[in-house]
Amino acid sequence: MAPKKKPPLTFEVRFVAEGLVPEEIPLRAVSDALSAVQDLASGRDPAELPQVPAEKRIALMDVRRGSAVYSCVARAPDEATANLASVGAMLSGDASFPIADERLIAALHPIESLSKVARSVKCNLEVAPIGRHERPLLVVEPDAYERISQRVLLRGDTTVVGEVERVGGATKMRCLLRVPGHRRLLYCDLESKDLVRRLGQHLYERIAATGTAQWIHSTWQIYRFAIRDFTQPKLGDPKQAIAELRTAGLAAWDTIADPEEYMRELRS
């Protein structure tokens, strides 16, 4: 059987710093950087898709010195290149890129990961078309995430009501909430192991969580939420609530055939 023909390369990921060579870069940093670039190239939103679809994956094909260059091939090369160029425009502060764009929300986590790698390795990260002198599609500097988050995120204390979907984590204490009216599931940081234990007792139940949130200021969508504490909302007894409403003069309740069933629907 003849060997498969090597596919044409799509782009290269460059770790750029004076004197940097591939063997000096920790494997974890390379893995984190390539995973983040794969998310940006595919347009994947980590809050919605647990994995990159097979038809949009990228693969590492070659490693080159000077500084440290990792050549990649994408299964959907045109889409990958367009997605990376869009992120590059966003990072460059291009005024034509709308900061309320859904692509920005999906790109924030990968940009944060790339910024962490750039700080740890003390380099810039570039993603460029194949060729030593090609202009990069995007450049991530160590402070890239900090700069863009100052443009688009607001921070403050709030309360979020949602259903607990998952609690725990191998490397970081986290909780996953399903928030009414929000298309994306909300990943929440937890401030103590006691919170992990307590939340684990309320899986698939609704809670009111208090903590510190970061919002996309143009859409007020929550990007990140750190839970300090939580309670379970108490809705009270339907019969008593209906009686109090009647006492208050809201006789319209008398026109509802089954008030208790109506209240149950409101609670669901």
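Since every read-out is calculated from the coordinates, none of them should be taken as a lab result. Just so it is clear, the model here is predicted, and its values are computed rather than measured. Cβ placement follows ideal geometry from the backbone for every residue including glycine, while neighbour counts extend to all protein chains displayed.
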Taking Cα pairs closer than 8 Å and at least 6 residues apart, the relative contact order of the stretch 117-202 in percent is 17
Scalar couplings 3J(HN,Hα) for the stretch 17-29 by Karplus 6.51 cos²θ - 1.76 cosθ + 1.60 (θ = phi - 60°), nearest whole Hz, x for Gly and Pro, are 6, 4, x, 6, 10, x, 5, 8, 8, x, 4, 4, 5
If N is the residue count of the stretch 11-142, its Cα Rg over 2.2 N^0.38 Å rounds to 0.98
Checked against a 26 Å limit on the C-alpha separation, the offending pairs among 56/116; 4/122; 56/122; 5/56 are 4/122; 56/122
Taking a crude spin-label model, label points 7 Å out from Cα along the C-beta direction, the residue 197 to residue 130 distance in nm is 5.6
Rounded to whole Å, √(5λ) for the Cα gyration tensor eigenvalues of the stretch 153-231, largest first, gives 20, 13, 11
